[in-house]
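J.: One structure is given below, represented as structure tokens, and several questions about it will come after.
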Amino acid sequence: MNKCTALIVAAGRGSRFGGDLPKQYCLLSGRTIIGLTLKALADHPGVSELRVVIHPDDLDIYHRAVAEFSGSSGAVLLDPVYGGASRQESVYLGLESMTEKAPNLVLIHDAARPFIRHPVIDRVMAALSDHAAVIPTLPVTDTLKRRHGNGITGTVDRSRLVRAQTPQGFRFCDILAAHRHARENAHGGEMTDDAAVAEFAGLDVITVDGGEENVKITSQQDLRQAELANMNIRRRETRTGTGFDVHRFESGNSVTLCGVLIPHTASLAGHSDADVGLHALTDALLGAIGEGDIGHYFPPTDPRWTDAASAIFVEKAFELITDLGGRIVNIDITLICENPKIAPYRAAMKEFIAITLDMDPTRVSVKATTTEGLGFTGRNEGIAAQAIASIELTGG
Ligand code: MG
């Protein structure tokens, strides 16, 4: 397997960022940006070593930032090296520091891109098996204008433009040679990425798809946005709740199950409409958010709920979930009885619940079973129902 070293460029002062602390050492959700970046790279199984290029003034804060470094795949964090006055110079010095180890491949990555995910690294590394230089890119979606002063002098054809990201992947010997070549022969402005250095040396650079999440944090606003995005990712979690209910038969000619009126030789006894399916569902929804049970909100002693349609119980639970910023992922209800037969009404039940909870019907399941003539349901004394609900919470 090819040996691959990640070279992380962290020597910048962050002039667009403001403050005394270079942005790569700022905290994002309690961890340094550079720490998050190193962890993301080190966890990729293709990365065997990491080297960071730092500013000489940052040695202490660098060591504090990486004190808890560990990669799940055993990647080794090498000692840092000092960078130069420009990004290009810093990368050059980083590459020169690796000549003894001479990896086959190198991934050059900005320290301020902590959200790099493995699919992007996978694509870069896969393309490196056939190419010397590979960069992840994204299309340009905004219309681009050419400006002169405050006026517009033209519109740029964006179809041929892409936005370049990192990590940019190279065969080590080729990019080292390209950087040496650029130092000796390029006397214009600084090249702002390593693909430009490769292009200048005549290497073919090919592109693979980058990732929209792989943003570079360059301003305080970027940091705040990244913090929010990170919080949302961290806080999103799935909760489940279960519910169970039983109502006994009494004389009558219909039952209401999961919101659907079904002609029958008996009715279900209860304070409300005795919809055992919706009662179990309500308890499952309340259970998932730790909000007690149906009796807490709708005590059977309260005359307001006499003969009430049980949809209002489900709607109350739904409202509590919505107030928490939650979303119902799916629900599954099982009705347990010998009679009436449920199958002819299942589609209507699913539709009723999907509409009540504003859900896609494919996320709603209603099933039925008998107890083989055993127990109270087997003796046609009543109907039981159980339900499970899965809820995604993003708020807390
Ligand atoms: Mg009940």
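The values are calculated or read from the model by the stated rules, or taken from the named source; none is laboratory data. No experiment lies behind these values; they were computed from the predicted model shown. Quick reminder, even Gly has a Cβ in these numbers, built from the backbone with ideal geometry, and neighbours come from all protein chains shown.
J.: Being acidic (Asp, Glu) and surrounded by 14 or more Cβ atoms within 10 Å (Cβ to Cβ) is the filter; apply it to the stretch 190-208 and report the residue that is farthest from Leu21 (Cα to Cα).
T.: Going through the qualifying residues, I end up with Glu199.
J.: Out of all the residues in the stretch 169-204, which are touching a His at 6+ places or on another chain (Cβ under 8 Å) and outside any helix (DSSP H, G or I)?
T.: Within the stretch 169-204, Ala201, Asp204 meet the criteria.
J.: Using the structure shown, decide if Gly287 is within 14 Å of Leu357 (Cα to Cα), within 16 Å of the ligand (Cβ to nearest atom) and modelled with pLDDT of 95 or more. Step through it out loud before you land on a result.
T.: Values: within 14 Å of Leu357 (Cα to Cα): no; within 16 Å of the ligand (Cβ to nearest atom): yes; modelled with pLDDT of 95 or more: yes.
Against the criterion (within 14 Å of Leu357 (Cα to Cα), within 16 Å of the ligand (Cβ to nearest atom) and modelled with pLDDT of 95 or more), Gly287 does not qualify.
J.: In the stretch 309-329, is there at least one residue being within 19 Å of Arg248 (Cα to Cα) and either in contact (Cβ under 8 Å) with a residue 60 or more places away in the chain or touching a Gly at 6+ places or on another chain (Cβ under 9 Å) (or both)? Don't jump to the end; show me each part of the working.
T.: Within the stretch 309-329, the subset within 19 Å of Arg248 (Cα to Cα) is 309-310.
Applying the additional criterion that residues be either in contact (Cβ under 8 Å) with a residue 60 or more places away in the chain or touching a Gly at 6+ places or on another chain (Cβ under 9 Å) (or both) yields 309-310.
The answer is yes; a qualifying residue exists.
J.: Considering (1) within 13 Å of the ligand (Cβ to nearest atom); (2) part of a loop (DSSP other than H, G, I, E, B), say which one Pro340 fails and leave the rest.
T.: Unmet for Pro340, out of (1) within 13 Å of the ligand (Cβ to nearest atom); (2) part of a loop (DSSP other than H, G, I, E, B): (1).
J.: Something else about it: Give me the pairs, please: first residue somewhere in the stretch 238-258 and on the phi > 0 side of the Ramachandran plot, second residue anywhere and surrounded by fewer than 21 Cβ atoms within 10 Å (Cβ to Cβ) and among the aliphatic types (A, V, I, L, M), beta-carbon distance under 8 Å, and either six or more positions apart or on two chains.
T.: What qualifies is Gly252/Ala266.
J.: Report those helices (runs of 4 or more DSSP H) wholly inside the stretch 22-123 carrying at least 1 residues which are closer than 26 Å to Gly189 by Cβ, touching a helix residue (DSSP H, G or I) at 6+ places or on another chain (Cβ under 9 Å) and aliphatic (A, V, I, L, M).
T.: On the way: elements: 33-42, 59-65, 87-96.
Fully inside the stretch 22-123 and qualifying: 87-96.
J.: Out of Thr282, Thr334, which single residue is touching a Phe, Trp or Tyr at 6+ places or on another chain (Cβ under 7 Å) and within 16 Å of the ligand (Cβ to nearest atom)?
T.: Working: Thr334 fails: touching a Phe, Trp or Tyr at 6+ places or on another chain (Cβ under 7 Å).
The match here is Thr282.
J.: Determine whether Val140 is among the β-branched types (Val, Ile, Thr) and under 30 Å from Thr32 (Cβ atoms). Let's see the steps before the verdict.
T.: Values: among the β-branched types (Val, Ile, Thr): yes; under 30 Å from Thr32 (Cβ atoms): no.
Considered against the rule, which asks whether it is among the β-branched types (Val, Ile, Thr) and under 30 Å from Thr32 (Cβ atoms), Val140 comes out as no.
J.: Check the stretch 330-345 and report whether any residue there is free of Cβ contacts under 8 Å to residues at least 60 places away in the same chain, among the hydroxyl-bearing types (Ser, Thr, Tyr) and closer than 25 Å to Ser254 by Cα.
T.: The answer is yes, given that some residue of the stretch 330-345 is free of Cβ contacts under 8 Å to residues at least 60 places away in the same chain, among the hydroxyl-bearing types (Ser, Thr, Tyr) and closer than 25 Å to Ser254 by Cα.
J.: Something else about it: For the stretch 180-220, which residues satisfy the criterion of being touching a residue at least 40 places away in the same chain (Cβ under 8 Å), farther than 22 Å from His131 by Cβ and among the small types (Gly, Ala, Ser)?
T.: Ser219
J.: Condition first: of a type in the set (Val, Ile, Thr) and assigned to a helix (DSSP H, G or I). Now tell me which residues in the stretch 289-321 satisfy that. Give the steps one after another, and end with the answer.
T.: First, the residues of the stretch 289-321 that are of a type in the set (Val, Ile, Thr): 289, 294, 301, 306, 312, 314, 321.
Correct list: Ile294, Ile312, Val314, Ile321.
J.: Separate question: Restricting to the stretch 270-279, and then to whatever is within 9 Å of the ligand (Cβ to nearest atom) and either crowded, with 24+ Cβ neighbours inside 10 Å or within 21 Å of Leu324 (Cα to Cα) (or both), can you tell me which residue is farthest from the chain's Cα centre (by Cα)?
T.: Ala274
J.: Restricting to the stretch 133-184, name every residue that is over 30 Å from the mean Cα position of the chain (by Cα) and β-branched (Val, Ile, Thr).
T.: Ile152, Thr153, Thr155, Val156, Ile175
J.: Could you grab me the full set of residues in the stretch 358-396 that are part of a helix (DSSP H, G or I) and closer than 23 Å to Ser254 by Cα? Break it down into steps so the answer makes sense when it comes.
T.: As a first pass, look at the stretch 358-396 and keep what is part of a helix (DSSP H, G or I): 361-363, 375-378.
Across the stretch 358-396, the qualifying residues are Gly375, Phe376, Thr377, Gly378.
J.: Scan (1) in contact (Cβ under 8 Å) with a residue 24 or more places away in the chain; (2) part of a helix (DSSP H, G or I); (3) of a type in the set (A, V, I, L, M) for the single condition Ile355 breaks and write down its number.
T.: Going through (1) in contact (Cβ under 8 Å) with a residue 24 or more places away in the chain; (2) part of a helix (DSSP H, G or I); (3) of a type in the set (A, V, I, L, M) one by one, Ile355 breaks only (1).
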